[in-house]
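Below is one structure, written out as structure tokens; comments come after it.
Here, each number is a calculation from the coordinates, and none is a lab measurement. Predicted model only: the values in this text are computed from it and were never measured. Positions of Cβ are generated from backbone atoms using ideal geometry, with glycine treated the same way; all protein chains shown enter the neighbour counts.
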């Protein structure tokens with residue numbers, strides 16, 4: 001019985017892991033490129049981010065001013081199941097997002113303590 | 001030694017001899033359910049396995065670890081106070097922590113912690129009542145704390161090696177559940193079994209837990225950062 005159970009776990013596990021590596025569900029993009037795009041500067045309000053506004057379709061370059069402190073400097077976006085994340089150590093560090101369609105995108109710090117909204121118009 | 005005799009009893013005639021079989025039936029139920037749901041519906045969901053497969057797989061393994069302890073306690077019905085408190089606490093804690101952890105990994109902290117707390121408290125009470133109010137209280141407290149802690153841990157690890165952490169958390173919880181089975185055996189080895197039952201309860205409980213977990217993970221509400 002124990003042997004059959006181990007075989008069952010291995011077979012199902014192998015299926016899950018083999019298929020799981022093909023998609024991008026848990027991809028973390030820690031991007032380094034410094035391309036062109038509309039610049040968005042994040043600020044902190046109380047213990048969250050201030051809402052930011054961007055234009056639709058254009059790549060977005062995000063930075064954080066000196067009002068953003070602690071774990072809020074590590075920003076995580078989840079766009080269409082793909083994670084974009086970077087620790088914006090100084091105001092010069094940037095995180096790049098692709099052009100987004102119209103809508104409101106929620107983001108947070110990497111510890112999930114502070115939240116903000118990126119409104120794309 | 002008691003641990004050696006416990007290992008021997010895993011193939012014996014007492015309820016401990018049914019633990020591995022219970023695990024097997026629970027796993028089989030979970031995998032069959034997931035297989036059928038995958039074939040009928042879930043395979044049409046984009047990126048289903050990369051997004052949810054890993055956590056559903058570990059949820060199935062976790063329920064297969066938790067449910068044998070429920071069967072073991074049901075078989076003895078009543079335990080001494082100290083042992084019963086440990087049963088309530090361990091069951092509540094692990095049952096709250098693991099499902100809360102998995103669900104928070106896909107749906108965010110609110111859904112994960114609420115689900116973890118509800119499940120932890122219900123099974124904590126169910127198992128803890130074997131020694132009366134003290135076990136029930138331990139079950140409630142541990143389920144409450146475990147659900148919140150599991151979800152919070154997952155959410156804070158979201159951007160930092162979440163999958164390896166899942167494996168580590170699962171392995172440690174597995175050892176704890178195995179030791180709980182051993183502790184119950186040690187406390188009750190001179191007592192007679194009070195309740196005999198088939199595996200319908202195991203299959204039913206696994207089916208309910210996996211159905212709710214899968215539904216919440218795939219179709220349930222999620223925090224904004226999970227898109």
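Would you mind ranking A:1, B:89 so that the residue whose beta carbon has the fewest other beta carbons within 10 Å leads the list?
A:1, B:89
Please compute P(r) over all alpha-carbon pairs of chain B, binned at 10 Å starting from zero, and give each bin as a whole-number percent.
Once binned at 10 Å, the Cα pair distances of chain B give 9, 34, 35, 17, 5, 0.
What list do you get for B:205, B:32 if you sort them by fewest beta carbons within 10 Å?
In order of increasing Cβ crowding within 10 Å: B:32, B:205.
Using Cα pairs closer than 8 Å and at least 6 residues apart in sequence, work out the relative contact order for chain B, in percent.
So the answer I get is 26 percent.
How would you classify the stretch A:25-120 from its alpha-carbon gyration tensor, with a ≥ b ≥ c the square roots of the eigenvalues: rounded for a/c under 1.5, else prolate if a/b is greater than b/c, otherwise oblate?
Rounded is the answer for the stretch A:25-120, as its axis ratio a/c remains below 1.5.
Over the whole of A:104-115, what's the average partner chain Cβ count within 10 Å per residue? Rounded to a whole number, please.
4
Taking neighbour counts of Cβ atoms within 10 Å as a proxy for exposure, in what order, fewest first, do B:219, B:58 appear? Intermediate results must be reported in sequence, preceding the final value.
Numbers: B:219 10, B:58 23.
Result, fewest neighbours first: B:219, B:58.
By average Cβ neighbour count within 10 Å, what is the ranking of A:106-119, B:138-151 from highest down? Spell out each step's value before the answer.
Details: A:106-119: 20.0, B:138-151: 25.2.
Taking the mean over residues of other Cβ atoms within 10 Å, the ranking is B:138-151, A:106-119.
Quick one: check the C-alpha center-to-center distance for the stretch B:34-75 versus the stretch A:88-105, whole angstrom.
Using only Cα atoms to place each centre, the spacing works out to 36 Å.
Calculate the all-directions average of the projected area of the stretch B:1-112's alpha-carbon convex hull, and give it in nm².
Here the figure is 9.0 nm², rounded to one decimal.
What number results when the radius of gyration of the protein assembly as shown, computed over Cα atoms, is divided by 2.2 N^0.38 Å? All intermediate terms of the calculation are to be shown ahead of the outcome.
Numbers: Rg = 23.1 Å, N = 348, 2.2 N^0.38 = 20.3 Å.
Normalised by 2.2 N^0.38 Å, the Cα Rg of the protein assembly as shown equals 1.13.
To the nearest whole number, what is the average tally of beta carbon atoms from other chains within 10 Å of the beta carbons of peptide B:54-67?
Average neighbour count from other chains, rounded to a whole number: 2.
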